[in-house]
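Shown next, in C-alpha cells, is the structure this report addresses.
The values are calculated or read from the model by the stated rules, or taken from the named source; none is laboratory data. What you see is a predicted model; the values in this text were computed from it and never measured. We place every Cβ from the backbone using ideal geometry, glycine too, and count neighbours over all the protein chains shown.
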Amino acid sequence: MTKPRILVLGSSNTDMIIKLARIPRPGETLLGGKFTTAAGGKGANQAVAAARAGGDVAFIVRLGKDMFGDQALAGFKADKIDTRHILRDAKTPSGVALIFVAGSGENSIAVASGANARLTSADVRAAEAAFPGSKALVMQLETPLPTVTAAAKLAKKHGVPVILNPAPAPSEKLPPALLRLVSILTPNETEAELLSGIKVTDEASAREAAHALLKQGVETVIITLGAKGAYLHNARTSGLIPGRKVKAVDTTAAGDTFNGALAVALAEGRDLSEAIRFANVAAALSVTRLGAQPSAPARTEIERLLK
Ligand code: ATP
C-alpha cells in the first residue's frame, strides 16, 4: 500500500530537562541535578508520530540556524520526513523548553518559542506546492494564529481536510473564521472547556462541549479523555471510543501521538470510529514509554496491539 501524504505544520522545540530534588526558588542555585535533552514541540511530535504510524509526512516548520535546529532536522530525516519545506532562520534561535522536574513529580517549564514564532503566512504561501495531493493538514497552536489560519485557507483551496489540535490551551476562543475551515478539532478536556465554556468531566459533558464547538463551525469534534479514550461527535454520530488499558509510565505527547496516528488512519480511508481506535492504540503505546518523540510507536507495534 502506498503511504498517504500527510502535511504537518507547527513547532519544533528542544526540551532541556533537569531532574532535581526540588524546583529552585527565584535567586537560588541548586546543585545535584541530572540533565537530559529530548526532541519535542507539538508540531514535530505529531509529524514524527504520523511518519511512524505509516504516513508519508511533509513538515512545515521554522528552525534556527543553530545546533538545536541541526539536531531536529537530522531527527526528521531519520524518520523519513520530507524536509523540503523546513525553513532555517539565521536571526532567531530554535525553539527551546527549559524544564525542571522535582523528585515529587512537580514540574516547572519555561518556553522560548524562538523561530517557531516567526513562521509566517508568507512562509505558508511559499510552501503551497506541499498542499495538493495531501490527505490531511495537521496543525496545533504553538505557531502564530494568523499562520495557522493562512494554512487552513490554503488547505481549503486544495481540498485538504484540516485536523486542528487546539493545544496548548488558547487563552481565548478561536476565531470562527478559522473554526469554519476545520474538519476535525481534537481538544483534550481542558482545551474543550476553554473553547466551549463547558466543563468536561464525563461522557455527557463531553457531548455537550463538543456540540457547542460544532455550533462554532467545526465539522467533527474529538475530545481526548486520557486513559478513558476519546469522545467523537458530529452531526451524524456521537459516542465514546474507549482507550486501550496499559501501564502508564509517561503521558508526555500522548495527545500528539493520538493526532499523528489519527491523521494517518483517516488518510488511509478508515471511518472516524476505526481511526480513533487506531489512534487510541498508538497513544496508549506512547504512554508506556518515556519522552515525547522517542515514545511514538512504529506501525508494526500499533498493528500488533490493534488485533
Ligand atoms: P498530553 O498533553 O500528555 O500529550 P493530552 O492532554 O493532549 O496529552 P490526553 O487526552 O491525556 O491528551 O490523551 C490523548 C490520548 O492518549 C487519549 O485519547 C488516549 O487515547 C491516550 N491516553 C492518554 N493517557 C492514557 C493512559 N493512561 N492509558 C491509555 N491511553 C492513554
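Restricted to region 223-233, and to residues that are within 6 Å of the ligand (Cβ to nearest atom) and touching a strand residue (DSSP E or B) at 6+ places or on another chain (Cβ under 7 Å), which residue is farthest from Gly105 (Cα to Cα)?
This residue is Ala230.
Restricting to strands (runs of 3 or more DSSP E) lying wholly in region 60-150: which have 3 or more residues that are aromatic (Phe, Trp, Tyr) and either farther than 22 Å from Ile18 by Cα or without any contact (Cβ under 8 Å) to a residue 40 or more places away in the chain (or both)?
none
Can you list residue pairs whose Cβ atoms sit under 7 Å apart, with the first residue in region 153-171 being over 15 Å from Glu193 (Cβ atoms) and the second being surrounded by fewer than 20 Cβ atoms within 10 Å (Cβ to Cβ) and of a type in the set (Asp, Glu)? Count only pairs 6 or more apart in sequence or on different chains.
Final answer for the pair search is Leu154/Glu128.
Among the residues of region 191-207 satisfying the criterion of being assigned to a helix (DSSP H, G or I) and within 13 Å of the ligand (Cβ to nearest atom), which is farthest from Gly239 (Cα to Cα)?
Leu194
From the residues in region 275-307 that are buried (at least 24 other Cβ atoms within 10 Å of the Cβ) and not in a helix (DSSP H, G or I), which one is farthest from the ligand (Cβ to nearest atom)?
Residue satisfying both the conditions and the ranking: Ala296.
In the list Arg236, Arg244, which residue meets the criterion of being modelled with pLDDT of 95 or more, farther than 13 Å from Glu189 by Cβ and within 8 Å of the ligand (Cβ to nearest atom)?
Values: Arg236 fails: within 8 Å of the ligand (Cβ to nearest atom).
Residue meeting the stated conditions: Arg244.
Is it true that some residue in region 171-178 is charged (D, E, K, R) and within 25 Å of Ala282 (Cβ to Cβ)?
no
I'm checking my understanding of the structure. Among residues of region 252-274 that are assigned to a loop (DSSP other than H, G, I, E, B) and surrounded by 15 or more Cβ atoms within 10 Å (Cβ to Cβ), which one is farthest from the ligand (Cβ to nearest atom)?
Looking at the filtered set, the residue picked out is Glu268.
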